[in-house]
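Participant: Before we start, here is the structure in question, set down as structure tokens.
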Amino acid sequence: MSGYARRGVHGQTVEAIAHRVLSGEIGVGATLDLTALQAELGVSLTALRESLKVLAAKGMVDARQKRGTFIRPRADWNLLDADVLRWQFEAAGAHSDAGSPLLRDLDEVRAIVEPASVRYAADRRTDDDLTALEAALAAMTKAEDSSPAAVEADLAFHRALLAASHNELLERMEMVIATGLAARDHLVHGPGHHPGDPVPSHRAVFEAVRARDADAAEAAMRSLLAQAAQDLAELREE
């Protein structure tokens, strides 16, 4: 479950509790004191309970008679839920944690998914797909390196690549890749960091997809991912 309204008391309460859990302020297995939590957050009991329902749907909390409402083990969380992913990456970003295991996991998932999906994109892409890829590449070229526009252009390019595979299940991986990629980009392109120009590596992928050359597209994507891994490695060493 995802897509709840983040604004307003309800959304703010969900976010506040989730961030406390992800930061470790509220530990796994902890039983929540709803009265105290209500007072700390300054919300009604109704708003608090509705917020906990959102987190329960994501596998993060549960309620039992005699025990009350508690934080479930991480193994029970819906880790592929868009909000849960975002909260985890936000927790890593809050500590500027380029060495986060979550970012390592993202690199591994991308290495599995994107080279395969780009092969399908090379075979199945349409003119509309090329238009979307070219627009994202143009936006990337115009954007300043550390700007939000640069991050959004990168996300748009990778979303368009997954869409060009014309495989509905691969397209759904956009939720994982885009959420993680946004967090990774904010770290790598943050103030004081100067990674290599991403445009040439993305353009190489685009040209191979446009030429319907699946082998070249896969090779270009693997090269792009290697550069992305190198950017993070350099950030860890700073």
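Participant: Averaged per residue, what accessible area in Å² does the chain show with a 1.4 Å probe, protein chains only?
Facilitator: 51
Participant: Here's a follow-up. With +1 on each Lys and Arg Cβ and -1 on each Asp and Glu Cβ, how big is the dipole of the stretch 9-76 about its Cα centre, in debye rounded to the nearest 20?
Facilitator: Taking the Cα centre of the stretch 9-76 as origin, the dipole is about 300 debye.
Participant: Against the longest principal axis of the chain, how steep is helix 148-164, in degrees 0 to 90 to the nearest 10, with axes from Cα atoms?
Facilitator: The two axes meet at around 70 degrees.
Participant: Helix 214-237 against the longest principal axis of the chain: what's the angle in degrees, Cα atoms only, rounded to the nearest 10?
Facilitator: 50
Participant: Taking trypsin sites (Lys or Arg not before Pro) as exposed when DSSP calls them loop (any state but H, G, I, E, B) and at most 14 other Cβ atoms lie within 10 Å, what is the longest stretch of the chain free of them, the sites themselves excluded?
Facilitator: Result, exposed sites excluded: 68-211.
Participant: A follow-up question, please. For a Förster distance of 35 Å, can you work out the FRET efficiency between the beta-carbons of E108 and L45, rounded to the nearest 0.05?
Facilitator: With a Förster radius of 35 Å, E is 0.25.
Participant: With a 10 Å cut-off between alpha carbons and a GNM built on the chain, which of A136, A220, A211 moves the most?
Facilitator: With Cα springs under 10 Å in the chain, the top fluctuation among A136, A220, A211 is at A211.
Participant: Please identify which residues in the stretch 207-238 have an amide N closer than 13 Å to a label point set 7 Å out from the Cα of E134, following the Cα→Cβ vector.
Facilitator: 207, 210-211
Participant: Would you please give the FRET efficiency between A56 and E152, computed as 1/(1 + (r/R0)^6) with r the Cβ-Cβ distance and R0 = 45 Å, to the nearest 0.05?
Facilitator: 0.90
Participant: Right, something else. Rounded to the nearest 0.05, what FRET efficiency do A116 and V199 give with R0 = 22 Å and r taken as the Cβ-Cβ distance? Could you check?
Facilitator: 0.40
Participant: Which lysines does K66 reach when only Cα atoms under 19 Å apart count, and residues fewer than 8 places away in its own chain are ignored?
Facilitator: Answer for K66, where 19 Å is the Cα cut-off: K53, listed by chain and number.
Participant: On to the next question. Measuring from label point to label point, each 7 Å out along Cα→Cβ, what is the F70 to T126 span in nm?
Facilitator: So the label points at F70 and T126 sit 5.1 nm apart.
Participant: Continuing with the same structure: How large is the helix-only mean residue ellipticity at 222 nm for the chain, computed as the sum of -39500 (n - 2.57) over DSSP H runs with n ≥ 4, divided by its residue count, in deg cm²/dmol to the nearest 500?
Facilitator: -22500 deg cm²/dmol
Participant: Which one of L37, A150, S100 is farthest out on the positive end of the charge dipole of the chain, using unit charges on Cβ (Lys, Arg +1; Asp, Glu -1) and the Cα centre as origin?
Facilitator: It is L37, whose Cα lies furthest towards the positive end.
Participant: In addition: For H186, H158, H166, H19, give the ranking by accessible area with the largest first, probe 1.4 Å.
Facilitator: The ranking, largest first, comes out as H186, H166, H19, H158.
Participant: For the stretch 98-235, what does the alpha-carbon gyration tensor say about shape, rounded, prolate or oblate, given a ≥ b ≥ c as the root eigenvalues, a/c under 1.5 as rounded, and a/b over b/c as prolate?
Facilitator: It comes out prolate by the Cα gyration axes.
Participant: Now for a different question. For E234 and A63 in one chain, what is 0.36 nm times their gap in residues minus the Cα-Cα distance, to one decimal in nm?
Facilitator: My answer for the length gained is 57.1 nm.
Participant: Still on this structure, I have one more. Calculate how steeply helix 199-210 sits against the longest principal axis of the alpha-carbon atoms of the chain, using the helix alpha-carbon long axis, and give the answer as 0 to 90 degrees to the nearest 10.
Facilitator: 70
Participant: Relative contact order of the stretch 100-221: what whole-number percent is it, with Cα pairs under 8 angstrom and at least 6 residues apart?
Facilitator: Dividing the mean separation by the residue count of the stretch 100-221 yields 37 percent.
Participant: If you don't mind, another one. What do you get for Rg/Rh of the stretch 131-191 when both radii come from the Cα atoms and Rh is the Kirkwood radius?
Facilitator: My calculation puts Rg/Rh at 1.00.
The values are calculated or read from the model by the stated rules, or taken from the named source; none is laboratory data. Computed from a predicted structure; not experimentally measured. Cβ atoms come from the backbone with ideal geometry, glycine included; neighbour counts cover every protein chain shown. When the accessible area is computed, the model is the full protein with side chains, heavy atoms only, and any ligands, DNA or RNA have been set aside. Shrake-Rupley method; radii C 1.70, N 1.55, O 1.52, S 1.80 Å.
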